[in-house]
Amino acid sequence: MGGLLASTLVYGLVSSATLLLTALGFSLTFGLSGVANFAHGGLYLLSGFTAWLLMTHLHLPFLAAAAATVVLVGLVGALVYRVVVMPVRGIHLAEVISTFAVGVAIIELFRWLGFTTYDYVLPVLVEDGIDVLGVTVDWQRLIIVAVALVLTLALWAFTHWTKIGLALRGMSQDEYTALSVGIESDWAAMLSLALGAGLSAVAAMVLFPLGIISINSGYDALLVALAVTVLGGLESTAGMIIGSLVLGFAVTLTGNYVGPRWGEVVYLGAIVVVLAVRPSGLLGKSKELEERV
Amino acid sequence: MRRSLAALLPALGMLLAAGPARAADNIVLGVPTALGTIEGQDSLRAAQLAVKEINEQGGVQVGAVKRKLEIVSIDTREAEAGVPVTDALAAMEKLITEKKPAAIVVGAFRSEVLVSAMDMIARVKIPYLCTIGMSPVFDDKVGAEYEKYKYNFRLSLSARYLVGNLGKTMSFLKTKYGFDKVYFLHQDVAWAKGTIGGLTKVMEGAGWKVLGSDPYPTGSRDFSASLTKAKAGGAQVVVPMFDMPESGVLVKQARSMKVPALVAGFISPAAPGTAWATFKGDIDGLVNFLFEPGAIPLPSARSRHFTEAYGKAYGEELKNRISGHGPGPSYDAVYVLAGAITRAGSLDADALVKEIEKTDMEGAVGRLIFTKTHSVPYGDDPKAGGASIAFQWRQGKRVVVFPEAIAEGNIELHAR
């Protein structure tokens, strides 16, 4: 097959999986607890540098460093809830501002500490690549697609088939009713932030090996997560998947047929258009419900 | 209590008076640049090294007295995505207003900031010796309105000279290997756009077929669109032009997509001596430009002295990481200024401009002279001006392939 069309299909899928992975943690936290964790980008960057430090200074093999990073960053997520979000819980603007401040503080701390050189890399899991539809694609990108798929299915199973997952969903649907059946609100919200932070770490472990861990990737991760979740619908998992596919293929199509410089415009344009035309996102219901009430 | 406070007041007054008096003895040099970048940090270190060396000799002769140099810096953050030019200019103005430097060295990182900063310098009238910003508009402005912009000088490579050096390298590839198909990928910023625009004209004029030229926003991490087109079109040479950390992805992606082309241009993360370890050999065969000598010195005593002194002052690890753009000219800028101050016998800006124009000395980057538009000319002869260096990564070593006068070998296609 080869050619530009095949490249669009293959790299469109890779791009969609990349977006889905980047947004998964942010969307999960909001979907389960209603907390828009704007520290998401900072936690993503923290994950990359934590894994690098564990490998470089403690000489851990990559997989061990990655596993430790997911746990550590998950704990940081829980800590962010206890220290920063809990005191302002329920005041949405305060939640956004305080988590955003934490994210910026993490990112800028690394800049201040001098993590700006070109030395920070994580290894790919498998070297080399293969031909798919006549297009050469490296194994790491195929791993990204696989991880995105497996994680999405696993999360769906977790939130639908496990007691904790059902409790978290119950909390997200009606906090007071959930409280009345013994689900502790702060515990559930803290767990959702820890899970979201852990997912941002998983994303970092498979995405950073493509290049260098750079400071600005923290801000980019937040922008991507916002674009995907706003497009798909903040509380909808299916919407997030569709949002990732739409954005991923739109960016790749734009890059291949119009020019790579317009890819950024697609992200921002998607946010603006969706907010203007359908504020709840493609599959979101929040605004509709609000208007009905 | 009242009595003891009264007794302290004169002492406090003396201390306050003594502070500014001490500072006034030093000649203050301002360094407003992007200190979050490798180039900015290395350039500041290089300028501080020159200041240290000069101060160890007693300082700069100003008329009958010797005065020490002192550097004050401010982070303009101009290389960070989303930071507007106005913010960088505000930082520079803050430094000028509060610290009152006698001159500026290093200066703007982004060409967009440099071009705007020139107007501020025209207003405040102090010498500005920039060592990173590359836009050819700099020369156009000085040439068009000399009286207004005469305080601005550039010691680093400009996009115009880079085009010339790249053109010579491409000409070699055409003659030696019969290449005639090229694909350009570049960062969507002024210096890179200017360089690729100029190179396109030069190469098309020389019979090359340009298959594509794609600008990427700062921070881009996927280059598959261009690499697919380059591969499908049969490009023999891919020319990247990037100074962002994320361009490291391009090196890995070109390798993993098995693009059968020589990659020759500028990718900042692939320039330092530590890049081989960072990319684990994925850069084998890559031809990268060092805009100015420093990371790899010229075979002259002065150039070698800078690189060795940098290593002694900051350690071998930082020496091995010296970036390919900024440090060499930043070191030279302080010496150019010190020489001009000594010859002028004062810090008067107009007198200094006249003396800087007369500069003719050997520096870390080659011969330091200024054109009528106040730029050090860069070519392939370090005895005629500054010289950029191109090297090829071969099995963990940076082998110099340009200019011919100092080349250790020719470009090879072994890694394609």
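The rule of thumb for compact globular proteins, 2.2 N^0.38 Å, goes into the C-alpha radius of gyration of chain B 1.04 times.
What are the semi-axes of the equivalent ellipsoid for the range B:214-289, taken as the square roots of 5 times the Cα gyration tensor eigenvalues, largest first, in whole Å? Before the final figure, lay out the partial values.
Values: eigenvalues 66, 40, 24 Å².
Values for the range B:214-289, descending: 18, 14, 11 Å.
Across chain B, Cα pairs under 8 Å and at least six residues apart give a relative contact order of 16 percent. Structure note, pairs B:Lys280/B:Lys383; B:Lys181/B:Lys383; B:Lys174/B:Lys229: Cα-Cα distances above 28 angstrom occur for B:Lys280/B:Lys383; B:Lys181/B:Lys383.
A convex hull fitted to the Cα coordinates of the range A:98-155 yields 148 cubic angstrom per residue.
So for chain A, averaging the separation of alpha carbon pairs under 8 Å that are six or more residues apart and normalising by length, what relative contact order in percent results?
Averaging sequence separation for qualifying contacts and normalising by length gives 34 percent for chain A.
Computed over the protein assembly as shown, the quotient of the alpha carbon radius of gyration and 2.2 N^0.38 Å is 1.05. This ranking places B:Lys312, A:Lys163, B:Lys231 by how few other beta-carbon atoms lie within 10 Å of each, fewest first, which gives A:Lys163, B:Lys312, B:Lys231. Of all lysines in the structure, those lying under 29 Å Cα to Cα from B:Lys148, and not within fewer than 8 positions of it along the same chain, are B:Lys94, B:Lys99, B:Lys100, B:Lys125, B:Lys193, B:Lys354, B:Lys358, B:Lys372. Sorting B:Asp284, B:Asp360, B:Asp350 from the fewest to the most surrounding beta carbons within 10 angstrom yields B:Asp360, B:Asp350, B:Asp284.
The ranking of B:Phe179, A:Phe208 by Cβ neighbour count inside 10 Å, starting from the fewest, reads B:Phe179, A:Phe208.
Its Cα gyration tensor gives chain A an equivalent ellipsoid; the semi-axes, largest first and in whole Å, are 30, 24, 18. The range B:169-225 and the range A:120-171 have Cα centres separated by 36 Å.
Dividing the summed -39500 (n - 2.57) terms of all DSSP H runs of n ≥ 4 by the residue count of chain B sets its mean residue ellipticity at 222 nm at -14500 deg cm²/dmol.
Using θ = phi - 60° in the Karplus curve 6.51 cos²θ - 1.76 cosθ + 1.60, the 3J(HN,Hα) couplings for the range B:60-68 round to 9, 6, 10, x, 8, 10, 9, 10, 7 Hz; x is entered for Gly and Pro. With the helix formula -39500 (n - 2.57) applied to DSSP H stretches of n ≥ 4, chain A reaches a computed 222 nm mean residue ellipticity of -24500 deg cm²/dmol.
Each residue of the range B:26-38 is assigned a 3J(HN,Hα), and the resulting list reads 7, 8, 8, 10, x, 10, x, 7, 7, 6, x, 9, 4 Hz, derived from the Karplus form 6.51 cos²θ - 1.76 cosθ + 1.60 (θ = phi - 60°), x at Gly and Pro. Look at the stretch A:249-258: the mean tally of other chain Cβ atoms within 10 Å of its residues' Cβ atoms is 2.
Read-outs: derived from the displayed coordinates by stated rules, not from any lab. Just so you know, these numbers come straight off a predicted model, no measurement behind them. So basically every Cβ, Gly included, is an ideal-geometry build from the backbone, and we count neighbours across all protein chains shown.
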